[in-house]
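Structure, as structure tokens:
The values are calculated or read from the model by the stated rules, or taken from the named source; none is laboratory data. This is a predicted model, so every value here is computed, not measured. Here Cβ is always computed from backbone atoms with ideal geometry, including for glycine, and neighbour counts include all displayed protein chains.
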Amino acid sequence: MSERFESLKQGMEDAIAWKEGQQTGARVHVFDALDVAAIRQKTKMTQKLFSDFFQIPLPTLKQV
């Protein structure tokens, strides 16, 4: 197998191990959810304008 494939394979194995609670040495970044409605209100953007500007499908934005 190629070096690139082996690297991807190892990354996936590490991700699965981490998800199962094992220590892998991987760096994990956890992000809090954004309050999209508050951001829209602060920027005075409609849902449609916000979705167009950030290229988020409008139905996705309406689910938030």
From the list Arg27, Arg4, which residue is modelled with pLDDT under 90 and either surrounded by fewer than 12 Cβ atoms within 10 Å (Cβ to Cβ) or in a helix (DSSP H, G or I) (or both)?
Arg27
Taking Arg40, is it of a type outside the set (Gly, Ala, Ser) and part of a helix (DSSP H, G or I)?
yes
Would you mind telling me which numbered condition in (1) surrounded by 11 or more Cβ atoms within 10 Å (Cβ to Cβ); (2) without any contact (Cβ under 8 Å) to a residue 24 or more places away in the chain; (3) more than 16 Å from the chain's Cα centre (by Cα) Ile56 fails?
(3)
